[in-house]
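See structure below.
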Amino acid sequence: MKTLQELTRPNIWKLKPYSSARDEYKGATASVFLDANENPYNSPHNRYPDPMQRDLKALLAKQKKVDTARVFLGNGSDEAIDLVFRVFCEPDRDNVVAIDPTYGMYQVCAEVNNVEYRKVLLDDDFQFSADALLAATDERTKLIFVCSPNNPTGNDLNHAEIERLVRAFDGLVVLDEAYNDFSDQPSFLARLDELPNLIVLQTFSKAWGCAGIRLGMAFASEEIIALMNKIKYPYNVNQLTQGEAISMLHRHYEIERWVRTLKEERECLERAFGRLPCTVKLFPSNANFFLARVTDAVGIYNYLVGEGIIVRNRHTVSLCRDCLRVTVGTRLENDKLIEALKRYNA
Ligand SMILES: *Cc1c(COP(=O)(O)O)cnc(C)c1O
């Protein structure tokens, strides 16, 4: 691995971050706060939130069994994705490599930041080869993006191959585990000690049922997390979100129940899908959605919209010709989808 200084944009390495009123005051005993030009009325919303989200991070770090210094919290994983570009990639000079197809935000963030985005096609089983990704890198490649289980394909990537990639690459590997709660494969979180160039992304948006509160997590070495914290907006995670996330962490048993139910419902939905005349192929899933090749993705998508049912049309995505991505809903919602599709063929 290159040194972190070699991998970081020089201006970010040198940057002295904004210091907020609440950064400078870190004591525990004060009761009169006249430092931040807040309105003294309208408690509790009158106060700025904790910029380092200490209570939330303490609870999360305990559940995830990582040190709080290895946790970054942001406005969705999308903020973490954008920040890694802004910390490490010099616009118009550096590049990143990613599997293809995958989550669209990596490419959007690359383009917003004017960073070249190099795609390496997955194979027919939607697996990747570390060598193929490495072959696409050069001395200006700062980041490699992989996503497991992958979106929109739904499958786990081969974990031995992920490890091989992380060990062989001299830059940073961003592993997006947004759907790991649904997978039987272990998270790479426990491996951060051995893999100092790994950044793991997770989110409250999927298994945790909290897409609306916008909370994403990045886990990495203390030094990488410190760089991300240095350039984030000071109050990037609002007070309502921090409070709701804390209450969700206290209800973690509920998430385990949701995950179990959704995996059962997925199997049910896949079985029903497999019997539909319009289904050409079902791709194996380790997530709360699956990809299906159908006879006519565009026609079926439009038909379902007319029925008030929205799935994701992935027809134009690499390797996903005539594919729909279907999120697992409640039993009732899944039944409505299947009934509508049975009528389509009638
Ligand atoms: C849904 C999803 C996310 C979550 O993004 P948030 O900004 O945290 O809501 C991240 N990565 C992948 C691959 C996803 O599909």
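The values are calculated or read from the model by the stated rules, or taken from the named source; none is laboratory data. Owing to the predicted nature of the structure, the values given are computational and were not obtained by experimental measurement. Ideal geometry is used to build each Cβ from the backbone, glycine not excepted, and the neighbour counts take in all protein chains shown.
Structural remarks
- Residue within the stretch 223-240 that is more than 21 Å from Thr68 (Cα to Cα), in contact (Cβ under 8 Å) with a residue 40 or more places away in the chain and not charged (D, E, K, R) present: no
- For the stretch 106-146, residues that are of a type in the set (A, V, I, L, M, F, W, C), buried (at least 17 other Cβ atoms within 10 Å of the Cβ) and either within 16 Å of the ligand (Cβ to nearest atom) or more than 23 Å from Asp156 (Cα to Cα) (or both) total 10.
- Meets criteria (modelled with pLDDT of 95 or more, within 16 Å of Asp78 (Cα to Cα) and buried (at least 17 other Cβ atoms within 10 Å of the Cβ)) for Thr102: yes
- When residues of the stretch 307-338 are limited to those that are in a loop (DSSP other than H, G, I, E, B) and β-branched (Val, Ile, Thr), the one nearest to Asn151 (Cα to Cα): Val317
- Residue check for Arg47: free of Cβ contacts under 8 Å to residues at least 60 places away in the same chain and of a type in the set (D, E, K, R): no
- Every pair of residues 6+ apart whose Cβ atoms lie under 6 Å, when the first sits in the stretch 126-151 and is more than 21 Å from Gln185 (Cα to Cα) and outside any loop (DSSP other than H, G, I, E, B) while the second is within 16 Å of the ligand (Cβ to nearest atom) and of a type in the set (A, V, I, L, M, F, W, C): Leu133/Ile144; Leu143/Val96; Leu143/Val174
- Across the stretch 206-227, the qualifying residues are those that are closer than 19 Å to Val146 by Cβ and touching a helix residue (DSSP H, G or I) at 6+ places or on another chain (Cβ under 6 Å), and the one among them that is nearest to the ligand (Cβ to nearest atom) is Gly216.
- Scanning the stretch 18-37 for residues being surrounded by fewer than 14 Cβ atoms within 10 Å (Cβ to Cβ), assigned to a loop (DSSP other than H, G, I, E, B) and not polar (S, T, N, Q) gives a total of 10.
- Some residue of the stretch 240-256 being over 25 Å from Pro44 (Cβ atoms), outside any loop (DSSP other than H, G, I, E, B), within 16 Å of the ligand (Cβ to nearest atom) and in contact with a strand residue (DSSP E or B) (Cβ under 9 Å, 6 or more places away or on another chain): no
- Among residues that are over 24 Å from Gln5 (Cα atoms) and part of a helix (DSSP H, G or I), Lys119 is not included.
- Contact annotation: residue pairs with Cβ atoms under 7 Å, 6 or more positions apart or on different chains, pairing a residue in the stretch 208-222 that is under 17 Å from Glu177 (Cβ atoms) with a partner that is within 8 Å of the ligand (Cβ to nearest atom) and among the aromatic types (Phe, Trp, Tyr), are Cys210/Phe204; Leu215/Phe204.
- When Leu189, Leu201, Leu175 are checked against the criterion of being within 16 Å of the ligand (Cβ to nearest atom), of a type in the set (A, V, I, L, M), surrounded by fewer than 22 Cβ atoms within 10 Å (Cβ to Cβ) and not in a loop (DSSP other than H, G, I, E, B), Leu189 stands alone in meeting it.
- Counting the residues of the stretch 51-63 that are buried (at least 18 other Cβ atoms within 10 Å of the Cβ) and not hydrophobic (A, V, I, L, M, F, W, C) gives 3.
- Ile12 closer than 25 Å to Met105 by Cβ, surrounded by 13 or more Cβ atoms within 10 Å (Cβ to Cβ), in contact with a Cys (Cβ under 7 Å, 6 or more places away or on another chain) and of a type outside the set (Phe, Trp, Tyr): no
- Criterion (within 16 Å of the ligand (Cβ to nearest atom) and not hydrophobic (A, V, I, L, M, F, W, C)) met by exactly one of Asp82, Asp67: Asp82
- Hey, Leu56 part of a helix (DSSP H, G or I), under 19 Å from Val200 (Cβ atoms) and either free of Cβ contacts under 8 Å to residues at least 40 places away in the same chain or out of contact with any Phe, Trp or Tyr (no Cβ under 7 Å at 6 or more places or on another chain) (or both) or not: yes
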